[in-house]
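See below for the structure under consideration.
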Amino acid sequence: YANLEYEHIDSEEMTRVCYLSNRHLADELGIRARTAILSDMPGMTWSLPQVLSASGVDYLMFWRGAYKDNMYHAKVPPIFRWQSADGSEVLVNLYGGPELHDFYFDKSATCFLRRDTVAERLRQIVSWHRSLGNRYPFTAIHLVVGYDNGPVLTQLMEGVRWYREHVDEFEVVLATPAAFMDEIVRQRKSESIPTACGDFTGAW
């Protein structure tokens, strides 16, 4: 809903930003926003899990600035529980970390738009995740569909349909980020996923 500089925000402002999606939509339309997404931000502030959790958000998808930040030095796994000082937490899917630096661009769902290379690209993505070993003990992989200020990839459906009809090596599911994170929790109970605390200080 809003683009915020988290190094400068206070808890009151952060809470008000969550109000529209997490109270108004829920109260007026019965829609619960279970997932928050931060895109192209240099870092994350420690109070964020507390605000999101209290707002009813279960999951945070964080796509840091793909090539212009320090987030990629974070010593956390791609999926972890992020806990605030008060003990509240959200489950984070982090597109960052040393081995995930190019994930945002190189391992996206846009591979389905190239029929001549999609099969090999998916094999590379799966192999890359398997190479992480215990850092990624899941069989589900989330491929990003959109980018900042980019068009909606309406032709993605055709690419996925073609893959299913002609290759079908891996199961492909079109779903929301919340559905993906639900699958992650189904595969491994949340309590067994590593926990991290503190700020992820960013710098452009």
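The values are calculated or read from the model by the stated rules, or taken from the named source; none is laboratory data. On a predicted model such as this, the values are computed, not experimentally measured, just so you know. Cβ coordinates were reconstructed from backbone atoms using ideal geometry, including for glycine residues, and neighbour counts include every protein chain displayed. Quick note on the areas: whole protein, heavy atoms, side chains included, nothing else; ligands and nucleic acids left out. Shrake-Rupley method; radii C 1.70, N 1.55, O 1.52, S 1.80 Å.
Numbers below:
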| quantity | calculated |
| --- | --- |
| Heavy-atom accessible area order for 116, 182, largest first, 1.4 Å probe | 116, 182 |
| Residue order for 165, 158, 13 - accessible surface, 1.4 angstrom probe, largest first | 165, 158, 13 |
| Packing-based order for 23-29, 175-181, using average beta carbon neighbours within 10 Å, highest first | 175-181, 23-29 |
| Dipole magnitude of the stretch 151-204 about its Cα centre (Cβ charges: Lys, Arg +1; Asp, Glu -1), debye to nearest 20 | 120 |
